[in-house]
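Here the structure comes first, spelled out in structure tokens, and everything after it is commentary.
Rule-based calculations on the coordinates, nothing more; no lab input. Predicted, not measured: the structure shown is a model, and the values here were computed from it. Quick reminder, even Gly has a Cβ in these numbers, built from the backbone with ideal geometry, and neighbours come from all protein chains shown.
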Amino acid sequence: MEEKFDINIHKFVPKHTKLTEEQIKEILSEFKVKIHQLPKILITDAAIVSLDAKAGDLIQIERNSPTIGKSLFYRRVIDG
């Protein structure tokens, strides 16, 4: 029997967070974009499986950079 590995604890996997409806509205308004204009992430992506994400949700990805510190990226969940 295979032991499951939690990919989210790996040091090279950035923090992924599912945003609320209110947060989604704020982000879309701040960047003046529509959700379909954002990059995609598959619902089956190992980093978001534990978030119980559905198609149409928005995921915030927090990456650490040695030059600029924390940077935020956004991906919309698709069924693919």
> Does anyone have the angle between helix 21-31 and the longest principal axis of the chain? Alpha-carbon axes, 0 to 90°, nearest 10?
Replying inline: 60
>> Going Cα to Cα from LYS15, which lysines come in below 16 Å? Please leave out same-chain ones fewer than 8 positions away.
In response: LYS70
> If you plug each phi of region 41-57 into the Karplus form 6.51 cos²θ - 1.76 cosθ + 1.60 with θ = phi - 60°, what whole-Hz ³J(HN,Hα) values come out, in order, with x for Gly and Pro?
Replying inline: 9, 6, 4, 8, 4, 4, 6, 10, 4, 6, 8, 6, 7, 10, 4, x, 6
> Which far-off residues, 5 or more places away or on another chain, put their amide H under 5 Å from the one on ILE48, with H placed in the peptide plane?
Replying inline: none
> So which trypsin sites (Lys or Arg not before Pro) in region 20-80 are both in a DSSP loop and have at most 16 other Cβ atoms within 10 Å of their Cβ?
Replying inline: LYS32, LYS34, LYS54
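Given a cut-off of 30 Å, name the pairs among LYS11/LYS34; LYS4/LYS32; LYS4/LYS54 whose C-alpha atoms lie farther apart than that in the structure shown.
LYS11/LYS34; LYS4/LYS32
Quick check: from the Cα gyration tensor, does the chain come out rounded (a/c under 1.5), prolate or oblate?
Oblate, because a/c is 1.5 or more while a/b does not exceed b/c.
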